[in-house]
Amino acid sequence: MRILLTLLSTAALIYVGFGLLLFLYQERLVHLPGVPGRELIATPGDRGLPWREIEITSLDQVRLHGWHIPAQPGAPTLLFFHGNAGNISHRIPPWPSSTISAWSW
């Protein structure tokens, strides 16, 4: 019984300690400060892809910036939101066989 209590106590301490570390370092885990910022470092044209720039302002005045990369007729279309950290220039697609709309905000 004592061994079981010791194991459970150790597991609980590890669990609480891990939760505390996640809480204390959440800003670094979510925002990834080491990833480059908003500066566009390349365009699809740098990879030889045809493209055009698109900009939309939402009803709440958020500016959405995007690229449209057309493909051959009949090819599938991919709507791509790059998500957290970096920007769309860090994720220029290597697959020119699909129509792609990539967005950044």
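Readers should treat all values here as calculations from the given coordinates under stated rules, not as data from a laboratory. Nothing here was measured: the structure is a model prediction, and the numbers come from that model. Note: ideal-geometry Cβ built from the backbone for every residue, glycine included; neighbour counts use all protein chains shown.
With the simple spin-label model, which puts each label point 7 Å out from Cα in the Cβ direction, the HIS82 to ILE54 separation comes to 1.6 nm.
Modelled spin labels at SER9 and VAL30, positioned 7 Å past Cα toward Cβ, are 3.5 nm from each other. Pairs of Cα atoms under 8 Å, at least six residues apart: use those to get the relative contact order of segment 39-95, whole percent. It comes to 39 percent, rounded to a whole number. 3J(HN,Hα) along segment 44-50, derived from phi through the Karplus expression 6.51 cos²θ - 1.76 cosθ + 1.60 where θ = phi - 60°, amounts to x, x, 5, 9, x, 8, x Hz, with x in place of Gly and Pro.
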